[in-house]
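These notes concern the structure reproduced below.
The values are calculated or read from the model by the stated rules, or taken from the named source; none is laboratory data. The structure displayed is predicted, hence computed values, not measured ones. Virtual Cβ from ideal backbone geometry, glycine too; neighbours counted across all protein chains shown.
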Amino acid sequence: MEETTLRERFELYNDTINKCGTYLLTTDDETIEYIIYEEFDIGIHSFLHIDNLKILFENGLISKGKMNKSLELREKVIQLQSSGEWGIEYLRKSKKWMEVFLLCDELNIIE
């Protein structure tokens, strides 16, 4: 298996962050399900993992603040996965999901 380059790691990290945000609330349930449960979920576990974030930070690709916010986002999503609010029926009305969406929006504007 070929190891990903630093640039690829950074692009996959950004792609994960861009997959989620309040913009999803204007899409249909099928789109949200695919993005959150197929694409975003994989990225949270892989590209927002502490090891990957440390590499990005140590190489100057993300700031300490962005790394910390990314860890916060990852933790919130993992908590949601183990809660009763992981289903599609909660995405539009749960306070916890709104926190995830807003955190993604914030990460998209942090340099």
(request) Collect the residues in region 50-79 that are in a helix (DSSP H, G or I) and polar (S, T, N, Q), keeping them in residue-number order. (result) Asn52, Asn68, Ser70, Gln79
(message) Of everything in region 14-35, what is in contact with a helix residue (DSSP H, G or I) (Cβ under 6 Å, 6 or more places away or on another chain) and either assigned to a helix (DSSP H, G or I) or more than 20 Å from His49 (Cβ to Cβ) (or both)? Give them in sequence order.
(response) Thr16, Ile17, Gly21, Thr22, Leu24, Asp29, Ile32, Glu33
(message) Step by step: first the residues of region 45-83, then only those that are closer than 16 Å to Ile17 by Cβ and among the small types (Gly, Ala, Ser), then the one that is surrounded by the most Cβ atoms within 10 Å (Cβ to Cβ). Which residue is that?
(response) Ser70
(request) Given the conditions (1) surrounded by 12 or more Cβ atoms within 10 Å (Cβ to Cβ); (2) over 19 Å from Ser46 (Cα atoms); (3) modelled with pLDDT of 95 or more, report the number of the one that Lys95 does not fulfil. (result) (1)
(message) I'm told Lys64 meets every condition in (1) in contact with a Ser or Thr (Cβ under 7 Å, 6 or more places away or on another chain); (2) modelled with pLDDT of 95 or more except one. Can you identify the failing condition by its number?
(response) (1)
(message) Contact list please: Cβ distance under 7 Å, first residue in region 1-30 and under 21 Å from Ser63 (Cβ atoms), second residue exposed (fewer than 12 other Cβ atoms within 10 Å of the Cβ) and among the β-branched types (Val, Ile, Thr), pairs at least six apart or on different chains.
(response) none
